[in-house]
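Following: one structure in structure tokens, then a few remarks.
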Amino acid sequence: MADTTAEETTGAVTGDVRTLLRLEGLTLFAGMTLLYGFWGGPWWVYAALFLAPDLSFLGHLAGPKVGAIAYNAAHSYIVPMALMTAGFGFAPPLVVAIAMIWLAHIGFDRALGYGLKYSVGFGFTHLGRIGKTARTGKV
């Protein structure tokens, strides 16, 4: 009997679905950037925070599993969407601005093909392999 608890480590979307997911990322990036502009957020805040989610790369210093968890936590839609929802209802405008910038960053990454990470290594994402693993085919 197959082990149903084993973690899938290298699955990735391909073909038209991969293209569609990357276009969704581009749309999210463009939409959140335009919305931020219409919202009237200061562009210096946008510039200062746009790459902040990439600080999660530091998790890879503790190994690929911790790195994947840290990266995925910073590059999932869950927290910024919760921030945006709470921000529209209950929080100061800065919370909504941070959520828009965060979502724009995630969209930008997805448009470039940087997907959520698998724990086998940085180069294994749900959108396919990236970096040296994509060029060499090695882990």
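The values are calculated or read from the model by the stated rules, or taken from the named source; none is laboratory data. This is a predicted model, so every value here is computed, not measured. Reconstructed Cβ throughout: ideal geometry from the backbone, glycine too, with neighbour counts over all protein chains shown. Ligands, DNA and RNA are stripped out before the accessible areas are found, and what is left, the full protein with its side chains, is counted by its heavy atoms. Shrake-Rupley method; radii C 1.70, N 1.55, O 1.52, S 1.80 Å.
Observations
- Helices (runs of 4 or more DSSP H) lying entirely in the stretch 55-126 (those with 2 or more residues that are touching a residue at least 60 places away in the same chain (Cβ under 8 Å) and within 27 Å of residue 37 (Cα to Cα)): 93-111
- Among (1) exposed (fewer than 11 other Cβ atoms within 10 Å of the Cβ); (2) of a type in the set (Gly, Ala, Ser); (3) at pLDDT below 95 - the single one residue 68 does not satisfy: (1)
- Criterion: among the aliphatic types (A, V, I, L, M) and within 17 Å of residue 105 (Cβ to Cβ) - qualifying residue of 51, 61: 51
- Scanning the stretch 101-116 finds one or more residues that are open to solvent by less than 60 Å² (accessible area, probe 1.4 Å), modelled with pLDDT of 95 or more and over 23 Å from residue 19 (Cβ atoms).
- Checked against (1) farther than 20 Å from residue 97 by Cβ; (2) not in a helix (DSSP H, G or I), residue 41 passes all but condition (1).
- Flag if residue 21 is open to solvent by 40 Å² or more (accessible area, probe 1.4 Å), in a helix (DSSP H, G or I) and modelled with pLDDT of 95 or more: no
- Residue 21 being touching a residue at least 60 places away in the same chain (Cβ under 8 Å), under 18 Å from residue 127 (Cβ atoms) and under 17 Å from the mean Cα position of the chain (by Cα): yes
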